[in-house]
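Values in this text are rule-based calculations from the coordinates and carry no lab data. From a predicted model like this one, the values you see are computed outputs, not experimental measurements. For neighbour counting, all protein chains shown are included, and Cβ atoms are generated from backbone atoms with ideal geometry for every residue, glycine included.
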Amino acid sequence: MTGEAPELSLTRRYRFSAAHRLHAPQLTDERNREIYGKCNNPFGHGHDYVLEVTVRGRVDPRLGRLIRLDEMDRLVRGVLLDHVEHRNLNAEVEEFATVVPTTENLAEVAARRLARAWPSAFPDGPARLERVGIQETRNNIFEVSAPLAENGETDANQVT
């Protein structure tokens, strides 16, 4: 091939299971039940989540690859999956000590963790982190733009 390669995207999917309870301590029990419904069950509930990590860039002409998948998998596992797989998000994930573990917030946490680790894991790599999404149910997928996660511009933690 000649000339500069076009940019392309790659989305990699990872599956994990975790439990949580949606409950904002600053609200009354009645208001929590009204907002979160059955997800406010005092005993919690679980999901089989699908994490989507999208990277974008140009194919390395020497390797013919956008990114080494084994290295990407190692990063995703080390900074995120090992910390959420078969965990109670409320009790075992530090970011949720003071934040309601909605899937919106889980997507933001995942994006921030990956964005912080990406530059040192892939300092010379042509692929940059573009998007992180988490599918909670067949109908609900929450996505965060990676640049927003890097800059700290997202804030899904406001509950009224």
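In table form, for the structure just shown:
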| item | result |
| --- | --- |
| Relative contact order for the chain, counting Cα pairs under 8 Å that sit 6 or more residues apart, in percent | 27 percent |
| Among G44, V84, L22 the positive-end extreme of the charge dipole of the chain (Cβ point charges) | V84 |
| Dipole moment magnitude, nearest 20 debye, segment 7-151 about Cα centre, only Lys, Arg, Asp, Glu C-beta charged | 380 debye |
| Selection from N139, P123, G64 lying farthest towards where the dipole of the chain points positive, charges on Cβ | G64 |
| Share antiparallel - DSSP beta bridges, the chain, percent rounded to 5 | 95 percent |
| Stokes-Einstein D (µm²/s) once Rh is taken as the Kirkwood radius of segment 7-151 over alpha-carbon pairs, at 37 °C in 0.692 mPa s | 203 µm²/s |
